[in-house]
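Reviewing the structure listed below.
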Amino acid sequence: MSLIGKDVSEFCVQAYHQNDFKTVTKADLLGKWSVFVFYPADFTFVCPTELGDLADAYDEFAKIGCQIYSVSCDTHFVHKAWHDESDTIKKIQYPMLADPTHALATDFDVLIEADGTAERGSFVINPEGQIVAYEVNAGSVGRSAHELLRRVEASQFVATHSDQVCPANWTPGAQTLAPSLDLVGLL
């Protein structure tokens with residue numbers, strides 16, 4: 001079943017952010033664009049490459065009004081320990097959400113029940129708190145922050161230009177498509 005258009009359920013989780021523990025709720029998402037980037041676990045191999053890539057692109061996400069949230073089933077205490085230990089994770093400026101009860105991983109349908117971890121899922125959430133784009137990768141396949149950024153930019157564009165669609169590899173400023181009225185129902 002597709003998660004496109006799904007409202008993110010109410011939640012309240014702890015996060016490690018800017019050398020402090022904070023509470024993050026659904027209310028924090030509303031009114032702005034957000035991305036949730038689920039990853040299997042702290043202190044692993046592929047995860048820090050992805051989170052570091054997102055950290056390097058953080059300013060680009062901020063420029064378009066999009067907040068990044070990384071999410072794993074670890075606790076906020078483990079996030080802090082990883083931050084304190086890893087030079088890559090020290091670069092992170094976005095909240096690292098803790099999901100030890102698996103509430104978020106379950107809501108976003110990325111929980112690997114047998115392991116108690118999450119799949120590599122990236123979710124674009126609009127200001128109304130709805131999922132508008134997502135992808136889920138196998139655990140051994142890392143993601144690209146720049147592709148996620150492009151997906152957010154395309155989602156923002158079509159949200160404000162409902163008569164336009166973005167073709168493959170679209171980037172801001174590139175040509176869009178205006179579908180024929182006869183074809184609109186097929187999109």
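The values are calculated or read from the model by the stated rules, or taken from the named source; none is laboratory data. Since the model is a prediction, treat every value here as computed from it, not as a measurement. As a convention, Cβ positions derive from the backbone with ideal geometry for all residues, glycine included, and neighbour counts pool all protein chains shown. Side chains included, ligands, DNA and RNA excluded: accessible areas come from the protein's heavy atoms. Shrake-Rupley method; radii C 1.70, N 1.55, O 1.52, S 1.80 Å.
Descriptive notes on the structure:
- Answer from ALA133, ALA145 - the residue that is out of contact with any Asp or Glu (no Cβ under 8 Å at 6 or more places or on another chain) and not β-branched (Val, Ile, Thr): ALA133
- Of all residues making up region 1-42, the number that are at positive phi and among the polar types (S, T, N, Q): 2
- Residue in region 159-177 that is over 15 Å from the mean Cα position of the chain (by Cα), open to solvent by 80 Å² or more (accessible area, probe 1.4 Å) and either of a type in the set (Val, Ile, Thr) or at pLDDT 85 or above (or both) present: yes
- Residue match in region 145-152 (condition: within 19 Å of VAL24 (Cα to Cα) and among the acidic types (Asp, Glu)): no
- Of all residues making up region 1-60, the number that are among the acidic types (Asp, Glu), open to solvent by 70 Å² or more (accessible area, probe 1.4 Å), closer than 20 Å to LYS90 by Cβ and not in a helix (DSSP H, G or I): 1
- Qualifying residue in region 63-72 (condition: modelled with pLDDT under 95 and of a type in the set (D, E, K, R)): no
- Verdict on LYS80 being in contact (Cβ under 8 Å) with a residue 40 or more places away in the chain, of a type outside the set (Gly, Ala, Ser) and either assigned to a strand (DSSP E or B) or open to solvent by less than 70 Å² (accessible area, probe 1.4 Å) (or both): no
- Top-ranked residue in region 128-156 [being open to solvent by 40 Å² or more (accessible area, probe 1.4 Å) and of a type in the set (A, V, I, L, M); ranked as farthest from LYS6 (Cα to Cα)]: VAL141
- The condition of being surrounded by 17 or more Cβ atoms within 10 Å (Cβ to Cβ) and free of Cβ contacts under 8 Å to residues at least 40 places away in the same chain holds for ASP74.
- Every listed requirement among (1) surrounded by 21 or more Cβ atoms within 10 Å (Cβ to Cβ); (2) free of Cβ contacts under 8 Å to residues at least 60 places away in the same chain is met by ALA114 save one, (1).
- Qualifying residue in region 92-105 (condition: among the polar types (S, T, N, Q), open to solvent by less than 30 Å² (accessible area, probe 1.4 Å) and either at pLDDT below 95 or within 16 Å of the chain's Cα centre (by Cα) (or both)): no
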